[in-house]
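What follows is one structure encoded as structure tokens, with my remarks underneath.
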Amino acid sequence: MEHLKKELKFNQFDIPAIYYFEAGNYFTGSKKTLNFKITPEKENLVIQIWHGFLCSELAEIEQTQTFELSESGHQALLNWLTDIYDNTTKNRS
């Protein structure tokens with residue numbers, strides 16, 4: 001079971017591997033005040049980001065980005081989110 005947990009969570013945002021999204025699951029998470037929601041839609045992964053303490057339904061979504069539902073799309077999403085987080089951290093310091 002511990003091996004499965006390591007496969008599912010392997011990045012600084014604890015975003016699950018691609019097969020989690022291929023199964024139709026969505027994922028929400030946060031790091032400090034940056035919040036995100038990743039939803040699989042047809043052949044894409046759609047990520048929404050916002051800041052603050054509200055849930056996605058009540059928050060003002062600041063950015064939405066779409067990536068291919070694939071290993072390369074998953075990696076591109078992680079890279080994009082990392083850039084957003086790094087820029088947010090610099091701008092809010």
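Throughout, read-outs are computed from the coordinates displayed, never taken from laboratory work. What you see is a predicted model, and the numbers here were worked out from it, not measured in a lab. Backbone-built Cβ (ideal geometry, glycine too); neighbour counts: all protein chains shown.
For the chain, the calculated P(r) over all alpha carbon pairs, in 10 Å bins from 0 to the bin holding the longest distance, is 16, 50, 30, 5 percent.
By other beta-carbon atoms within 10 Å, ranking L78, L58, L45 with the fewest at the front produces L58, L78, L45. Within 10 Å, at most 14 other Cβ atoms, and a DSSP state outside H, G, I, E, B define an exposed site. Report the longest part of the chain free of exposed trypsin sites (Lys or Arg not before Pro). Segment 43-93 is the longest.
Quick one: angle between helix 71-92 and the longest Cα principal axis of the chain, in degrees between 0 and 90, rounded to 10, please. The helix 71-92 is inclined about 20 degrees to the chain. Sites listed here are chymotrypsin sites (Phe, Trp or Tyr not before Pro) in the stretch 12-93 whose DSSP assignment is loop and whose Cβ has at most 16 other Cβ atoms within 10 Å: Y26, F53.
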